[in-house]
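Right, one structure below, let's go through it.
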Amino acid sequence: MKTKDELIDDLLTLAFAEDVGDGDHTTLSTIPAEARGKSRLLIKEKGILSGVEIARKVLEKVDPELKMEVFIHDGAEVKPGDVAFTVEGSVRSLLVAERTMLNIMQRMSGVATMTRVYQDRLEGTGARVLDTRKTTPGMRMLEKEAVATGGGTNHRIGLFDMILIKDNHIDFAGGIENAINAARDYCKRTGHDDLKIEVEVRSLDDIRRVMEIGGVDRIMFDNFTPELTREAVKLVNHTMETESSGGITLDTIRAYGEAGVDFISVGALTHSVKGLDMSFKAM
């Protein structure tokens, strides 16, 4: 399995392959090879900054001789007019790196900003906002990093680092008991005892059945109302972690947090995000 750094390098390779192709002919035709200059990353909108260290990787991939000076780091609150960093070196390299770097930073900063808004709504409840697998293909590692930068908590990275038994698994397996027992047997048989098991439930009766079967680390309340969630939390009574999921919005998330769940998963952190406005301009 590839490491996070390897996946990011693959993403950058693809990004430049689709953007640069056989050459940035505008830059090659208008900028002398020996030209040197300096650009700044200018913030144009209030939010949470994310992607500075990924920007460093972008620059290094384009030209290891580019010199980056960072003034504002990931996780910081930014406002219009702030300069996050400057980069000095070959003008051709600065121009080639510009769009890929901005695309990534704008997306990551948008995710971090959205996450901070959601987590702030939960202040004082003890609940944590979770991301999901509803991410941009190829950018999952970066978007989940942005969620963490914004103060959220990462759920599973993919299908490989947790067992999450959802409604389709339950239905195809012939019921909750079959699905849970099969998952537990699989972990023992394959040496994956370290994998946590989470089960999605659709009713209080489902919760009772899961508790009777046992061997589950977290239970997910799917499309419960806040009122029903409160009942569900009391029923579980801290015997396992609890999570709310399904159509939860910024307007409703506080009610779920006050119902007592440990985690609240929100797909909107990554699938409905507006990029934070910024530019990379010559100085």
With +1 on each Lys and Arg Cβ and -1 on each Asp and Glu Cβ, how big is the dipole of region 45-156 about its Cα centre, in debye rounded to the nearest 20? 560
Got a sec? Which residues in region 1-44 would a label at residue 61 touch, if it sits 7 Å along Cα→Cβ and we count backbone N under 13 Å? 5-21
Whenever you get a sec, compute what percent of the accessible area on the chain sits on carbon and sulfur atoms (1.4 Å probe). 50
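I need the shape label for the chain. Rule: rounded when a/c is under 1.5, else prolate if a/b > b/c, else oblate, with a, b, c from the alpha carbon gyration tensor.
Prolate shape, in that a/c is at least 1.5 and a/b is the bigger ratio.
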Calculate the length of the line joining the C-alpha centroid of region 204-283 to that of region 31-51, in whole Å. 38
Could you please tell me the mean projected area of the C-alpha convex hull for region 52-103, averaged over all directions and given in square nanometres to one decimal? 3.6
List the trypsin sites (Lys or Arg not before Pro) within region 74-133 that fall in a DSSP loop (any state other than H, G, I, E or B) and whose Cβ has at most 16 other Cβ atoms within 10 Å. 133
Accessible area of region 171-283 divided out per residue, in Å², using a probe of 1.4 angstrom: 51
Residues other than residue 119 with Cβ under 12 Å of its Cβ, Lys/Arg counted +1 and Asp/Glu -1, net out at +1
Work out the FRET efficiency for residue 189 and residue 167 from their Cβ-Cβ distance, taking R0 = 22 Å, and round it to the nearest 0.05. 0.35
Given charges of +1 on the Cβ of Lys and Arg and -1 on the Cβ of Asp and Glu, with all other atoms neutral, how large is the dipole of the chain about its Cα centre, in debye to the nearest 20? 420
In debye to the nearest 20, how big a dipole does region 116-160 give about its Cα centre with +1 on each Lys and Arg Cβ and -1 on each Asp and Glu Cβ? 180
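Based on the Cβ-Cβ distance from residue 272 to residue 225, what FRET efficiency comes out when R0 is 30 Å, to the nearest 0.05?
So the FRET efficiency works out to roughly 0.85.
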Just going by the charge dipole of the chain, with Lys and Arg at +1 and Asp and Glu at -1 on Cβ, which of 83, 272, 174 is farthest out on the positive end? 83
Counting only heavy atoms of the protein chains, get the accessible area per residue of region 1-69 (1.4 Å probe) and round it to a whole Å² value. 62
Can you list the HN-Hα couplings for region 163-174, worked out from phi with the Karplus curve (6.51, -1.76, 1.60; θ = phi - 60°), rounded to whole Hz and with x for Gly and Pro? 9, 10, 8, 9, 4, 5, 4, 4, 5, 5, 7, x
How large is ³J(HN,Hα), in whole Hz, for each residue of region 137-142 in order, when computed from phi with the Karplus curve 6.51 cos²θ - 1.76 cosθ + 1.60 and θ = phi - 60°, using x for Gly and Pro? x, x, 10, 4, 4, 6
Quick check on the chain: of the DSSP beta bridges with both residues there, what percent are antiparallel, nearest 5%? 50
Residue pairs, from the table 2/196; 166/274; 57/188; 2/274; 79/144, whose Cα atoms sit over 32 Å apart: 57/188
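The values are calculated or read from the model by the stated rules, or taken from the named source; none is laboratory data. Since the structure is predicted, the reported quantities are computational estimates derived from the model, not experimental observations. Positions of Cβ are backbone-derived with ideal geometry, glycine not excepted, and every protein chain shown enters the neighbour counts. For accessibility, only protein heavy atoms count, side chains too; no ligands or nucleic acids. Shrake-Rupley method; radii C 1.70, N 1.55, O 1.52, S 1.80 Å.
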